[in-house]
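Down below is the structure, laid out as C-alpha cells.
The numbers here are math on the coordinates, done by the rules we state, and not lab data. The model shown is predicted, which means the values in this text are computed figures rather than measured ones. Heads up, the Cβs are rebuilt from the backbone with ideal geometry, glycines too, and the neighbour counts pull from every protein chain shown.
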Amino acid sequence: MEKEKLLREIEKLLSFDGNDTTINPDYLELFTMEELESIRRELERKYENMVKDNLEWMQRFKKE
C-alpha cells in the first residue's frame, strides 16, 4: 500500500465525527510505511471500540 493511500485512510478515520480532517501530504516523508500502517491500525481499533461501546449503550437504553 502506498503512503498516499494510507494517509487518505488515516484522514477518513480521523473524520469519523463529520469534521473533515486533512493532513498535509508533506508529512509523508517523515513517516515510514510501517509507522503509517501502525497509526491506521490504532485508529481502526479505537474506532471499532467506540462503535462497540455506542452499540452497547444503545442496547441498554432500549431495555430501560
Qualifying residue in the stretch 43-57 (condition: hydroxyl-bearing (Ser, Thr, Tyr), closer than 18 Å to residue 8 by Cβ, surrounded by 12 or more Cβ atoms within 10 Å (Cβ to Cβ) and free of Cβ contacts under 8 Å to residues at least 60 places away in the same chain): yes
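So, residue 35, is that one in contact with a helix residue (DSSP H, G or I) (Cβ under 9 Å, 6 or more places away or on another chain) and surrounded by 10 or more Cβ atoms within 10 Å (Cβ to Cβ) or not?
Here the answer is no, as residue 35 does not meet what is asked.
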Selection count where residues are of a type in the set (D, E, K, R) and in a loop (DSSP other than H, G, I, E, B), scope the stretch 1-53: 3
Answer residue from the stretch 9-32, given it is surrounded by 12 or more Cβ atoms within 10 Å (Cβ to Cβ) and free of Cβ contacts under 8 Å to residues at least 12 places away in the same chain and is nearest to residue 54 (Cα to Cα) among those: 15
